[in-house]
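Trainee: Please read through the structure below; I'll follow up with questions.
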Amino acid sequence: MTAYVADPVYLNGRFLPLAEAGVSPLDRGFLYGDGVYEVIPVYSRRAFRIDEHLQRLQATLDGIRMANPLPAADWKAVVLKLIETAPWDDQSIYLQVTRGADDKRDHAFPPASVPPTAFAFASPLVTTPAEVRARGVAAITVPDLRWSRCDLKVVSLLANVLARQQAVDQGCAEALLIRDGLMKEGAASNIFVVKDGVLLAPPKTNLMLPGITYDVILELAATHRQPLVVREITEAELRTADEVWMTSSTKEILAITTLDGQPVGNGSTAGKPGPFGEQMWQWYQDFKNTVMRKG
Ligand code: PDD
């Protein structure tokens, strides 16, 4: 095992040490990025929203015309075993399925006799340090150069990788993707905006990943009767927002307090996390500590 990946890992029906888990170099995940994935957070050894994550995995497999190698109950058993054997209470479970390895390279699908490759492992859940959360993080905007099925959680992530690296090169935590004047999401997160006390969320379309955390935020906003509008957010609205947050299974809710070098927001909270985001973060923690940790 490494400090980051627990042994055993799961590969094609077996649990084995990472060092012994091998995949053919002809695997289509390697040759074409022809595969799908999920990242599931685990709190106190309980997989959070596992049904929803497995449903999204199925939707992505359907979207790329690949059969699911395991029924949901078997995926759950794999995830449970990984969680049980990993040394951490809070974890992040990674699942990946590719279209397998044929004996040649051909873009079109391999024969049905070629089995998919299914891989899964547990990592420690890396949480944002309190001082970073208190400050918020910096982000940049970049053109969204991805394909038009961003609703599918596929491993072909080159445009996301390049966008995130552009952010890192500029000392920033995230790149916000702008397509046709609209802000869609981050390179590896969904983005929310607050304006005049109203929470704005971009709609689920083919140009955004339907985040599991995104759904939790919408539910918490409804539960606490917060003004919420789901609609497209223009680049101009992003730049004049009172608050901007990024959300994901691993980042939870994190304030973006600097955008393209400019402070986000106005007045006393300019360049600082805003009150709505702080409140939402608290609701998320309460929810986590009741629903998620206690099962
Ligand atoms: N990324 N949008 C994109 C492009 C993402 O890659 C992610 C998550 C999200 C948030 O989805 P969720 O709330 O279900 O985690 C939105 C994961 C964490 C990753 O690629 O590691």
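The values are calculated or read from the model by the stated rules, or taken from the named source; none is laboratory data. Quick caveat, the model's predicted, so the values are computed rather than measured. Note that we place each Cβ from the backbone using ideal geometry, even for glycine, and neighbour counts take in every protein chain shown. SASA here: full protein model, heavy atoms, side chains in, ligands and nucleic acids out. Shrake-Rupley method; radii C 1.70, N 1.55, O 1.52, S 1.80 Å.
Trainee: P(r) for region 103-172, please, calculated from all Cα pair distances in 5 Å bins and given in %.
Mentor: Percent of pairs per bin, in order: 3, 10, 12, 14, 19, 17, 10, 7, 5, 4, 1.
Trainee: After finding the eigenvalues of the alpha carbon gyration tensor for region 189-236, what semi-axes result from the square roots of 5 times each, listed largest first in whole Å?
Mentor: Result for region 189-236: semi-axes of 17, 15, 8 Å.
Trainee: Considering only protein heavy atoms, with the full assembly of protein chains and a 1.4 angstrom probe, order L31, L145, L238 by accessible area, largest first.
Mentor: Descending order: L145, L31, L238.
Trainee: Follow-up question, since we're still on this one. Which value results for Rg/Rh of region 159-276 when Rg is the Cα radius of gyration and Rh the Kirkwood radius based on the inverse mean 1/r?
Mentor: My calculation of the ratio gives 0.93.
Trainee: Looking at region 88-182, which chymotrypsin sites (Phe, Trp or Tyr not before Pro) are in a loop (DSSP not H, G, I, E or B) and have at most 15 other Cβ atoms within 10 Å?
Mentor: Those satisfying the criteria are W88, W147.
Trainee: Let me ask another. Per Stokes-Einstein, at 25 °C and 0.890 mPa s, what whole-number D in µm² s⁻¹ belongs to region 70-219, with the Kirkwood radius over Cα pairs as the hydrodynamic radius?
Mentor: It diffuses with D of about 134 µm²/s by this estimate.
Trainee: Report W283's accessible area, 1.4 Å probe, all protein chains in place, as a number in Å² to the nearest 10.
Mentor: W283 has an accessible surface of roughly 40 Å² with all protein chains in place.
Trainee: For L145 and T205 in one chain, what is 0.36 nm times their gap in residues minus the Cα-Cα distance, to one decimal in nm?
Mentor: The span from L145 to T205 would gain 20.0 nm if fully extended.
Trainee: Relative contact order of region 9-124: what whole-number percent is it, with Cα pairs under 8 angstrom and at least 6 residues apart?
Mentor: On the way: 183 pairs, mean separation 43.6, N = 116.
After rounding, I find 38 percent.
Trainee: Students often get this wrong, so check it: of K76/K272; K81/K153; K184/K272, which have C-alpha atoms separated by over 31 Å?
Mentor: Working: K76/K272 40 Å; K81/K153 24 Å; K184/K272 23 Å.
Distance filter (> 31 Å) returns K76/K272.
Trainee: Suppose we keep just the alpha-carbon trace of the chain; what are its Rg and Dmax in angstrom?
Mentor: 19.7, 63
Trainee: Kindly state, as a whole number, the per residue volume in cubic angstrom of the convex hull around the alpha carbon atoms of region 9-124.
Mentor: It comes to 97 Å³ per residue, whole-number rounded.
Trainee: Just to be sure I understand: with springs between alpha-carbon atoms less than 10 Å apart, which residue in M246, M208, M280 has the highest mean-square fluctuation in the Gaussian network model of the chain?
Mentor: The residue with the greatest mean-square fluctuation here is M280.
Trainee: In addition: What spacing in nm lies between the two simple spin-label points modelled at L228 and Q165, each 7 Å away from Cα in the Cβ direction?
Mentor: Between L228 and Q165, the label points sit 3.6 nm apart.
Trainee: I've got another one for you. Suppose R0 equals 25 Å; then what is the FRET efficiency for V291 and D62 from their Cβ-Cβ distance, rounded to the nearest 0.05?
Mentor: Values: r = 28 Å, r/R0 = 1.13.
Given R0 = 25 Å and the Cβ-Cβ separation, E is 0.30.
Trainee: Compute the relative contact order of the chain as a whole-number percentage, counting only Cα pairs closer than 8 Å that sit 6 or more residues apart in sequence.
Mentor: Dividing the mean separation by the residue count of the chain yields 18 percent.
Trainee: In addition: If the only charges are +1 at each Lys and Arg Cβ and -1 at each Asp and Glu Cβ, what is the size of the charge dipole of the chain around the Cα centre, to the nearest 20 debye?
Mentor: Working: 30 positive and 34 negative charges, 63 e Å.
In debye, rounded to 20, the chain gives about 300.
Trainee: Along Cα→Cβ, 7 Å out, is where each label goes; now give me the distance between the ones at L80 and L18 in nm to one decimal.
Mentor: According to this spin-label approximation, the distance is 2.6 nm.
Trainee: Also, I was wondering about something else. Could you tell me the distance between the Cα centroids of region 60-121 and region 20-36, to the nearest Å?
Mentor: When both Cα centres are located, 11 Å separates them.
Trainee: Hey, for a label at A270 modelled as a point 7 Å past Cα toward Cβ, could you say which residues of region 123-138 have their backbone N under 20 Å away?
Mentor: 135-138
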